[in-house]
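The values are calculated or read from the model by the stated rules, or taken from the named source; none is laboratory data. Quick caveat, the model's predicted, so the values are computed rather than measured. Note that we place each Cβ from the backbone using ideal geometry, even for glycine, and neighbour counts take in every protein chain shown.
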Amino acid sequence: MKINFKEKLQDIKAFFFDVDGVLTNGQLVIMPGGELLRSMNIKDGYAMQLAVKKNYVVAIISGGKSEGVPHRLSNLGITEIHMQVKDKMEVYNKLKVKYNLTDHNILMMGDDMPDIDLLTTAGVATCPADACQQVKQCCIYQSQIKGGEGCVRDIIEQTLTLHGNWNEA
(Lines give C-alpha, C1' and ligand atoms only; values in the text may rest on other atoms or scores of the structure.)
Protein backbone atom coordinates (compact mmCIF):
# COMPACT_ATOMS: atom_id res chain seq x y z
CA MET A 1 0.00 0.00 0.00
CA LYS A 2 1.43 3.35 -1.03
CA ILE A 3 1.52 6.09 1.64
CA ASN A 4 0.47 9.49 0.36
CA PHE A 5 2.21 12.81 0.98
CA LYS A 6 -0.11 14.01 3.76
CA GLU A 7 0.31 10.74 5.65
CA LYS A 8 4.09 11.13 5.53
CA LEU A 9 3.77 14.62 7.06
CA GLN A 10 2.34 13.04 10.23
CA ASP A 11 5.84 11.97 11.35
CA ILE A 12 7.66 15.24 10.61
CA LYS A 13 9.57 16.77 13.52
CA ALA A 14 12.22 18.62 11.54
CA PHE A 15 12.53 20.81 8.46
CA PHE A 16 15.87 20.95 6.61
CA PHE A 17 16.29 23.61 3.92
CA ASP A 18 18.82 24.65 1.32
CA VAL A 19 19.18 28.42 0.88
CA ASP A 20 19.80 29.48 -2.71
CA GLY A 21 16.82 28.52 -4.86
CA VAL A 22 14.68 27.57 -1.84
CA LEU A 23 14.77 30.44 0.65
CA THR A 24 15.88 32.76 -2.15
CA ASN A 25 14.93 32.94 -5.81
CA GLY A 26 18.47 31.94 -6.73
CA GLN A 27 19.40 35.33 -8.07
CA LEU A 28 22.33 37.34 -6.73
CA VAL A 29 22.86 41.07 -6.78
CA ILE A 30 26.57 41.76 -7.08
CA MET A 31 27.58 44.93 -5.26
CA PRO A 32 30.53 47.08 -6.47
CA GLY A 33 32.75 45.66 -3.71
CA GLY A 34 31.91 42.08 -4.70
CA GLU A 35 29.40 41.46 -1.92
CA LEU A 36 26.56 39.17 -3.03
CA LEU A 37 23.06 40.12 -1.94
CA ARG A 38 20.11 37.73 -1.71
CA SER A 39 16.48 38.41 -0.89
CA MET A 40 14.18 36.23 1.20
CA ASN A 41 10.41 36.05 1.48
CA ILE A 42 8.90 37.42 4.71
CA LYS A 43 6.18 34.74 4.66
CA ASP A 44 8.82 32.00 4.67
CA GLY A 45 10.35 33.76 7.68
CA TYR A 46 7.06 33.83 9.53
CA ALA A 47 6.52 30.11 8.98
CA MET A 48 10.05 29.18 10.05
CA GLN A 49 9.91 31.20 13.28
CA LEU A 50 6.52 29.66 14.10
CA ALA A 51 7.91 26.15 13.51
CA VAL A 52 10.77 26.95 15.91
CA LYS A 53 8.28 28.24 18.52
CA LYS A 54 6.28 25.03 18.12
CA ASN A 55 9.45 23.00 18.87
CA TYR A 56 10.21 21.68 15.41
CA VAL A 57 13.85 21.49 14.41
CA VAL A 58 14.54 23.95 11.59
CA ALA A 59 17.95 23.51 10.00
CA ILE A 60 19.72 25.18 7.12
CA ILE A 61 22.25 23.17 5.11
CA SER A 62 23.82 25.23 2.34
CA GLY A 63 26.96 25.20 0.27
CA GLY A 64 26.63 28.96 -0.18
CA LYS A 65 28.49 31.73 1.60
CA SER A 66 26.74 34.78 2.99
CA GLU A 67 27.08 36.84 6.14
CA GLY A 68 23.54 38.17 5.82
CA VAL A 69 21.79 34.80 5.63
CA PRO A 70 22.84 33.54 9.09
CA HIS A 71 22.02 36.94 10.58
CA ARG A 72 18.49 36.89 9.12
CA LEU A 73 17.81 33.28 10.08
CA SER A 74 19.18 33.55 13.62
CA ASN A 75 16.79 36.48 14.16
CA LEU A 76 13.98 33.99 13.43
CA GLY A 77 15.21 31.72 16.23
CA ILE A 78 16.96 29.22 13.97
CA THR A 79 20.12 27.91 15.59
CA GLU A 80 21.12 25.18 13.13
CA ILE A 81 22.54 27.29 10.30
CA HIS A 82 25.22 25.47 8.34
CA MET A 83 26.76 27.51 5.53
CA GLN A 84 29.66 26.70 3.16
CA VAL A 85 28.96 23.00 3.67
CA LYS A 86 31.11 20.71 1.55
CA ASP A 87 29.41 17.45 2.61
CA LYS A 88 25.69 18.04 3.19
CA MET A 89 25.08 14.41 4.15
CA GLU A 90 27.60 14.65 6.99
CA VAL A 91 25.73 17.64 8.46
CA TYR A 92 22.38 15.89 7.91
CA ASN A 93 23.56 12.81 9.82
CA LYS A 94 25.01 14.86 12.69
CA LEU A 95 21.73 16.76 13.08
CA LYS A 96 19.79 13.52 12.97
CA VAL A 97 21.82 12.14 15.88
CA LYS A 98 21.86 15.43 17.83
CA TYR A 99 18.05 15.70 17.78
CA ASN A 100 17.33 11.96 17.98
CA LEU A 101 15.55 11.95 14.62
CA THR A 102 14.97 9.22 12.10
CA ASP A 103 14.90 9.91 8.37
CA HIS A 104 11.08 9.63 8.54
CA ASN A 105 11.00 12.62 10.92
CA ILE A 106 12.79 14.91 8.45
CA LEU A 107 11.30 16.96 5.64
CA MET A 108 13.94 18.24 3.23
CA MET A 109 13.42 20.96 0.65
CA GLY A 110 16.08 21.43 -2.01
CA ASP A 111 16.21 22.67 -5.56
CA ASP A 112 19.39 21.52 -7.28
CA MET A 113 21.87 18.69 -7.74
CA PRO A 114 23.80 19.10 -4.43
CA ASP A 115 20.54 18.42 -2.56
CA ILE A 116 19.69 15.08 -4.18
CA ASP A 117 21.44 12.85 -1.60
CA LEU A 118 19.55 14.56 1.23
CA LEU A 119 16.26 14.44 -0.66
CA THR A 120 16.56 10.72 -1.35
CA THR A 121 17.41 10.06 2.33
CA ALA A 122 14.86 12.27 4.13
CA GLY A 123 11.42 10.90 4.93
CA VAL A 124 9.72 13.61 2.90
CA ALA A 125 11.49 15.09 -0.13
CA THR A 126 10.10 18.41 -1.37
CA CYS A 127 11.12 21.12 -3.79
CA PRO A 128 10.06 24.52 -5.11
CA ALA A 129 8.17 24.76 -8.41
CA ASP A 130 11.31 25.88 -10.24
CA ALA A 131 13.67 23.14 -9.00
CA CYS A 132 15.79 21.36 -11.58
CA GLN A 133 14.24 18.33 -13.28
CA GLN A 134 16.48 15.80 -11.50
CA VAL A 135 15.32 17.13 -8.12
CA LYS A 136 11.66 17.12 -9.15
CA GLN A 137 11.97 13.45 -10.08
CA CYS A 138 13.05 12.44 -6.56
CA CYS A 139 10.51 14.55 -4.64
CA ILE A 140 7.19 13.34 -3.28
CA TYR A 141 5.91 16.95 -3.26
CA GLN A 142 6.57 19.88 -5.56
CA SER A 143 5.30 23.18 -4.27
CA GLN A 144 3.40 25.23 -6.82
CA ILE A 145 5.43 28.17 -5.51
CA LYS A 146 8.91 29.07 -6.74
CA GLY A 147 12.00 29.35 -4.57
CA GLY A 148 12.17 32.60 -2.61
CA GLU A 149 8.48 33.28 -3.19
CA GLY A 150 6.91 31.33 -0.32
CA CYS A 151 7.55 27.64 -1.03
CA VAL A 152 8.96 27.19 2.49
CA ARG A 153 5.81 28.71 3.98
CA ASP A 154 3.75 26.36 1.82
CA ILE A 155 5.34 23.21 3.22
CA ILE A 156 5.60 24.37 6.83
CA GLU A 157 1.99 25.58 6.86
CA GLN A 158 0.74 22.26 5.48
CA THR A 159 2.69 20.30 8.07
CA LEU A 160 1.84 22.45 11.07
CA THR A 161 -1.83 22.61 10.04
CA LEU A 162 -1.95 18.81 9.83
CA HIS A 163 -0.38 18.63 13.33
CA GLY A 164 -2.78 21.25 14.74
CA ASN A 165 0.11 23.68 15.31
CA TRP A 166 -0.45 26.37 12.71
CA ASN A 167 -2.43 28.76 14.90
CA GLU A 168 -0.22 30.75 17.23
CA ALA A 169 -2.73 30.60 20.09
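Taking the conditions exactly as written (of a type in the set (Asp, Glu), at pLDDT 95 or above, in contact with a Pro (Cβ under 8 Å, 6 or more places away or on another chain) and surrounded by 20 or more Cβ atoms within 10 Å (Cβ to Cβ)), does ASP115 satisfy them or not? When the stated conditions are applied, ASP115 does not pass them.
Quick one: is GLY123 of a type outside the set (Val, Ile, Thr) and either touching a residue at least 60 places away in the same chain (Cβ under 8 Å) or within 18 Å of LYS43 (Cα to Cα) (or both)? Yes, satisfied.
Being in contact with a Cys (Cβ under 7 Å, 6 or more places away or on another chain) and modelled with pLDDT of 95 or more holds for only one residue in CYS151, CYS127, and it is CYS127. Scanning region 78-88 for residues that are more than 15 Å from VAL22 (Cβ to Cβ), in contact (Cβ under 8 Å) with a residue 24 or more places away in the chain and not aromatic (Phe, Trp, Tyr) turns up nothing.
Of the helices (runs of 4 or more DSSP H) lying entirely inside region 1-99, the ones with 1 or more residues being out of contact with any Ser or Thr (no Cβ under 9 Å at 6 or more places or on another chain) and among the hydroxyl-bearing types (Ser, Thr, Tyr) are found at 42-53, 68-74.
In region 61-71, of all residues being buried (at least 17 other Cβ atoms within 10 Å of the Cβ) and out of contact with any helix residue (DSSP H, G or I) (no Cβ under 6 Å at 6 or more places or on another chain), the one that is nearest to LEU101 (Cα to Cα) corresponds to SER62. Quick one: in region 1-49, which of the residues that are over 18 Å from SER62 (Cα atoms) and among the polar types (S, T, N, Q) is surrounded by the most Cβ atoms within 10 Å (Cβ to Cβ)? Here the residue is GLN49. Applying the condition of being polar (S, T, N, Q) and not in a loop (DSSP other than H, G, I, E, B) to region 126-163 and asking which residue is surrounded by the most Cβ atoms within 10 Å (Cβ to Cβ) yields THR126.
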